[in-house]
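Trainee: Here's a structure for you.
Readers should treat all values here as calculations from the given coordinates under stated rules, not as data from a laboratory. This is a predicted model, so every value here is computed, not measured. Glycine gets a Cβ as well: all are built from the backbone with ideal geometry, and neighbour counts include every protein chain shown.
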Amino acid sequence: MAERHVIIGWAEGLHARPASIFCRAAAASGIPVTVRKKEGGDPVNAASMLGVLALGAEGGDEIVLATGEDADAAEAESALDRLATLVSEGLDELPEAV
């Protein structure tokens, strides 16, 4: 299982437009990814808009991105690196490579 702790770089947090960008990027990664707030809360599917919105994650909050143990290690690490960059830098699209 791979995991990344990330500070949300979007000022508005994972709400509306940033949540949509994040969910599309998570789905496009091809790896099942979960996300949760560091301070408690259950993990949700990172590709689920409703799940991500329900987190109530604000700008500056720390979230945890994780993959399952059945994911290919190299692919999981790469996917999490790209998602972490997207979130921490508050980008408008998933970076091609990190």
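Trainee: When only C-alpha pairs under 8 Å and at least 6 residues apart count, what is the relative contact order of the chain, in percent? Before the final figure, lay out the partial values.
Mentor: Values: 203 pairs, mean separation 40.6, N = 98.
Relative contact order of the chain: 41 percent.
Trainee: What is the helix-to-structure angle for 73-89, meaning the angle in degrees between its Cα long axis and the longest Cα principal axis of the chain, kept from 0 to 90 and rounded to the nearest 10?
Mentor: 20 degrees
Trainee: Also, I was wondering about something else. How much net charge surrounds LYS37 when only other residues with a Cβ under 11 Å from its Cβ are counted (Lys, Arg +1; Asp, Glu -1)?
Mentor: On the way: positive: ARG36, LYS38; negative: GLU39, ASP42, GLU58, ASP61, GLU62.
Once all neighbours under 11 Å are counted, the net charge is -3.
Trainee: Which order do peptides 74-87, 28-41 fall in by mean Cβ count within 10 Å, highest first?
Mentor: Working: 74-87: 19.2, 28-41: 16.7.
Packing order, densest peptide first, comes out as 74-87, 28-41.
Trainee: Suppose every Lys and Arg Cβ carries +1 and every Asp and Glu Cβ carries -1, with no other charges. What dipole size does the stretch 1-48 come out with about its Cα centre, to the nearest 20 debye? Please report the intermediate quantities before stating the final value.
Mentor: Details: 6 positive and 4 negative charges, 18 e Å.
Taking the Cα centre of the stretch 1-48 as origin, the dipole is about 80 debye.
Trainee: Kirkwood hydrodynamic radius, computed over distinct alpha-carbon pairs, for the chain: how many Å, to one decimal?
Mentor: Details: mean 1/r = 0.0782 Å⁻¹.
Here the Kirkwood hydrodynamic radius works out to 12.8 Å.
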